[in-house]
Amino acid sequence: MAQYFIKRILYAILILWGVATLVFVLFNVLPGDPARMLMGQRSDVASIQAIRKDLGLNRSKGLQYLKYLNDLSPVSYHSHEPSDYFYLDPDKYAPYTRLIKGKNNSLILKSPYLRRSYQSRKQVAGIIGQTLPNTFILAFSSIIFASLVGIFLGILAAIYKDTLFDRLSIFFSAFGMSLPSFFAAILIGWFFAFKLGDVTGLNLTGNLYEVDDFGRGVHLRLKNLILPALTLGIRPLAIVIQLSRNSMLDVLSRDYIRTAHAKGLAFPRVLFRHALRNSLNPVITAISGWFASLMAGIVFVEYIFGWKGLGYVIVDALNKYDLPVVMGVVLTISVMFIIINVLVDLTYALLDPRVRLG
Amino acid sequence: MNNPLLSISGLTVSFPYSRGRHRAVDDVSLDLSGGRSLGIVGESGSGKSLTALSVLNLLPVAARVDQGSVFYYPGSGKTLDLLKVPPRQIRQIRGNAISMIFQEPMTSLNPVFTCGDQVVEAIRTHQDYSYGQAKKQALKWFREVELPSPERIYKSYPHELSGGQRQRVMIAMAVSCNPSLLIADEPTTALDVTIQQSILQLLGGLKERYGMSLMFISHDLAVVSQVADDLAVMHQGRVVEKGTKEALLRDPQNDYTRGLMACRPPLDHRPQRLYTLADFTRDQRHAAPGPKNASTAGQKSAPTYGQKSTPPTGQISSFDSDPHDKPSSYSNELFSLRGLSKDFALKTNFWGKAVQQLRALDRVDLDIYKGQTLGLVGESGSGKSTLARVLLRLILPSEGLFRYQGGDVAEFGKKQMQAFRQQVQIVFQDPYSTLNPRLSTGSMISEPLRYYRYYTDRKQRRDRVMELLENVRLTPDYYNRYPHELSGGERQRVAIARVLALNPGFLVLDEAVSALDVSIQAEILNLLQELKSRYHLTYVFITHDFSVVRFMSDRIAVMKEGRVVETGAAEELFRSPSHGYTRRLLESIPSL
């Protein structure tokens, strides 16, 4: 188990390195000069040169790549010489722990440095740190909503196969799968917040924390979560219903279910003890896979509901050609993706003893 | 009948069918008294399993009981119609008074619970025990079914056990509440012959010790006769004959029963051809090619087997003393293997290097002579199929010499390899998964012809396919059929026609008849023998079934754990096996 875990982490690091490289290449072949973008129309040669030097744009691509990786890596090498490209800038890397101190350079341990936004000059790590929880809460609640409701409805549909309920749930899930999230967002927002706003008391836009009208304090507004989570959850919900229905039907026809019946067990016990656990595996794969799509869908949903999350940030940054922010967000999403995949693999092992990881 | 326990009368079970309903069980009546064992024999589609399942109301959802009743006499003068009792009551009977074990020990246990938990669950469902008491009981039953180290098995998951061990766990679970009737549905079919023998002994012993009745279902008359007191023969949903074992085996009255008994290859001599059901019935449906599928076609008018017709005509002479397979013809070797080994990596380290290996073949020395059949027998995991794959050069041996017609196969160039691929062909076990469901018979058989550009002309190619179909006794109208329209035997005929397309000289038959019913098996075996003499083919016949290998082979090689433990002329090997393992295998073969 431990060996498996270490292996997975090593693979994860390898994948991360690949993603980081890909992101770097992608944003380096894109046309446009960040320095010029930053300055806008009122640019003079001298200040553009200054900005280019500050961003390291005058260095070779290879050196830029090395510095980029060095900045990302938790363990990194830096020079003490302020004019050096790899200068240990306390402003950038703080807080850090010095591991090895040499005469002119040292090896330090730090959190990954994602550079500063071209636009706001804020640390990208800080921007992400502020918005990631919002995105995570939104994605997490919609996945939880989709899984719980989906598995429940899927099982009911499997038990009542070929009844009206079964057909309705299949219809609904086909409908849900083909509904684009940006359209669903507008539709749901319009209906529940605008048309029925007085009844439901929900807002069209809003955040998890809001400053109250008197500016006295920040309040948690859980009800603002409902509509975006619902919208985001529709597609995974549709998939989960279908999958858990089919998987349950498949498991119910297995030999060991017949054995369970032949033991004299009552149906609920056969269903919940013998069938459910076996039928959950494909559902879990799907849920983890859907997390990726959720990240794509979240961009629209956050924008439409004005939810200040990663999606909101990345759209904003793309509009303004704010490369460090875009790169940082893409990397963050991949890290989340990898972590979720490792967690899913471990869940497998818990659910199914045949997957003893080695 | 004294001391009756179970009485099935007029049971009819049907399935929805394209037009109307198909009667899978048709007016079946059977009786079983306390302490006796009833064997039900029949081929696939005979309705034997459905009959057993309806006793416990475990029929598949699509099936419906149209009429009949299953009376159960639990003692003290009570009578229950198991088909009419409320669900609650049938649940109390299932696994308690009447319990059941199934064919597939691999899939009949829930993979996510330990074996111990599953047995404890069965015990606690019907008896008021604490977990600790139930565990004690379960361990007691594990010892009773002769499982090695019960404590370890208790904690093991099903996938960690062998097939025989799993079946023992199933038996422990079934008998854990002291049932008065145990229904065993093909409990040994998926197991090796030596394990089959021990399971049969175990069931017989348990029955004696606990006074259980046994309903034993199998397609194999020889297996059933090991444990049964009474026999019933089923065919296409009907009981065609029943009686005590002795009477029925000594003097079978029904043509189907007699056919079933005769078409199994004998162990003591080697006939030139096997009896088929067609020899016993004037009914042409059993002469290949039959109608689409005997089991479904039977619903309109099942063939009526008259009472005892004349004995089969046509003398079937013995092969054994035939001059053409004397050792003098052992000179012309086609394949020659020397010190051949094959390792598979079980575990690899981080760099992909094998740290733990499985030796599937261990220094095999073997010669295969032109025009002869080499029978390759062994239990599962003995390396038979690995050897087959090496012979076809689908995998390369790890070490050793492998010659084909004097040339080293490992050094064959592209041209030689192409010729080799045409010459060397294989027929696999499962005709249900080896045919592409989207190709018609015609395009499947002509595919190798197209690939090797045998005939450029469409018409010629079609003629060749027709000729091949005829060779395997299929009529031309099979050209446009798809696999799902064919029965198991017909599929295997198509598979044989396909490998014959390129005029090969050598065929590997890897358990080619194991998935077929005995009557179909006899037809295919006859066909193979006929093709062999017509085209001067060389066969390697791989099987776990000794009687089949006896019929097919000139020489036999016995394999165990990757090694060839004994080779010899078939007759010789059966008369006086020299290796202890061969002797044990031969002793385990159930016979009538």
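Quick look at the numbers
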item: Computed [θ] at 222 nm, helices only, for chain A once each DSSP H run of length n ≥ 4 contributes -39500 (n - 2.57); result: -21500 deg cm²/dmol
item: Global geometry of segment B:225-283, whether rounded, prolate or oblate, following the gyration tensor of its Cα atoms and the 1.5 cut on a/c; result: oblate
item: Helix axis angle, B:488-500 relative to chain B longest principal axis, alpha carbon, degrees; result: 10
item: DSSP beta bridge pairing in the protein assembly as shown, given as percent antiparallel to the nearest 5; result: 60
item: Other-chain or far-sequence residues with amide H under 5 Å of B:M234's (modelled H); result: B:V41, B:G42, B:V240
item: Prolate/oblate/rounded label for segment A:1-150 (Cα gyration tensor, a/c 1.5); result: oblate
item: Exercise: per-residue mean of other protein chain Cβ atoms within 10 Å, A:245-257; result: 2
item: Amide hydrogen neighbours beyond the local backbone of B:T373, cut-off 5 Å, H modeled; result: B:Y539, B:D554, B:R555
item: Antiparallel DSSP beta bridges within chain B, as percent of all bridges there, nearest 5; result: 55
item: Amide H contacts under 5 Å for B:S37, placed H, 5+ residues apart; result: B:L214, B:D229, B:D230
item: Table column - 3J(HN,Hα) (Hz), segment A:72-77, Karplus curve with 6.51, -1.76, 1.60, x for Gly and Pro; result: 6, 5, x, 9, 9, 9
item: Positive-end residue of B:L376, B:N110, B:C177, charge dipole of chain B with Cβ unit charges; result: B:N110
item: At R0 = 56 Å, FRET efficiency that the Cβ-Cβ distance of B:S578 and A:I13 yields, to 0.05; result: 0.40
item: Under Karplus coefficients 6.51, -1.76 and 1.60, residue-wise ³J(HN,Hα) of segment A:266-273 in Hz, glycine/proline x; result: 6, 4, x, 5, 4, 5, 7, 8
item: Assigned charges on the beta-carbon of Lys, Arg, Asp, Glu; the protein assembly as shown dipole about Cα centre (debye); result: 2080
item: Segment B:343-380: chymotrypsin sites (Phe, Trp or Tyr not before Pro) in DSSP loop, at most 15 other beta carbons within 10 Å; result: B:F350, B:W351
item: Separation of the A:F171 and B:A354 label points, Cα + 7 Å toward Cβ, nm; result: 5.9
item: By accessible area with a 1.4 Å probe, ligands and nucleic acids excluded, highest first: order of B:H235, B:H536, B:H219; result: B:H536, B:H219, B:H235
item: Residue (of B:L274, B:S33, B:M100) at the positive-pole extreme of the protein assembly as shown, dipole from beta-carbon charges; result: B:M100
item: FRET efficiency, B:N480 to B:T189 (Cβ-Cβ, R0 35 Å, nearest 0.05); result: 0.50
item: Estimated vicinal HN-Hα couplings, Hz - segment B:179-193 in sequence order (Karplus 6.51, -1.76, 1.60; Gly, Pro = x); result: x, 8, 9, 10, 9, 10, 9, 6, x, 10, 4, 8, 9, 5, 5
item: Alpha-carbon centroid distance for the pair segment B:396-470 / segment B:486-504, whole angstrom; result: 12
item: Exercise: per-residue mean of other protein chain Cβ atoms within 10 Å, A:200-209; result: 0
item: Cα gyration tensor shape for the protein assembly as shown, rounded if a/c is under 1.5, else prolate or oblate; result: prolate
item: Scaled radius of gyration (Cα, divided by 2.2 N^0.38 Å) that segment A:124-357 gives; result: 1.17
item: Burial order of peptide ranges A:139-146, A:323-330, B:336-343 (average beta-carbon count within 10 Å, highest first); result: A:323-330, A:139-146, B:336-343
item: Solvent-accessible surface ranking, highest first, for B:E571, B:E121 at 1.4 angstrom; result: B:E571, B:E121
item: Local net charge near A:N203, Cβ-Cβ under 11 Å (Lys/Arg +1, Asp/Glu -1); result: +1
item: Peptide-level mean, for B:109-116, of C-beta atoms on other protein chains within 10 Å; result: 5
item: Dipole magnitude (debye, nearest 20) for segment A:124-357, charges at Cβ of Lys, Arg, Asp, Glu; result: 860
item: Base-10 log of normalised Debye intensity for chain B (one unit scatterer per alpha-carbon) at q = 0.07, 0.10 Å⁻¹; result: -0.48, -0.98
item: Potential lengthening between A:L164 and A:V25 on full extension [0.36 nm per residue; Cα-Cα distance subtracted]; result: 44.7 nm
item: Among A:F24, B:T257, A:V149 the positive-end extreme of the charge dipole of the protein assembly as shown (Cβ point charges); result: A:F24
item: Helical mean residue ellipticity (222 nm; -39500 (n - 2.57) per DSSP H run of 4+; nearest 500) of chain B; result: -10000 deg cm²/dmol
item: Accessible surface buried once B binds A (1.4 Å probe; total of both sides; Å²); result: 2300
item: Accessible surface of B:R563 - all protein chains present, 1.4 Å probe, nearest 10 Å²; result: 100
item: List B:L396, B:L516, ordered by accessible area with a 1.4 Å probe, largest first; result: B:L396, B:L516
item: Length added when fully stretched, B:N503-B:A410, from 0.36 nm per residue minus Cα-Cα; result: 31.2 nm
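The values are calculated or read from the model by the stated rules, or taken from the named source; none is laboratory data. Fair warning: this is a prediction, and the values are worked out from it, not measured in the lab. Ideal geometry is used to build each Cβ from the backbone, glycine not excepted, and the neighbour counts take in all protein chains shown. Note: areas computed on protein heavy atoms with side chains; ligands, DNA, RNA excluded. Shrake-Rupley method; radii C 1.70, N 1.55, O 1.52, S 1.80 Å.
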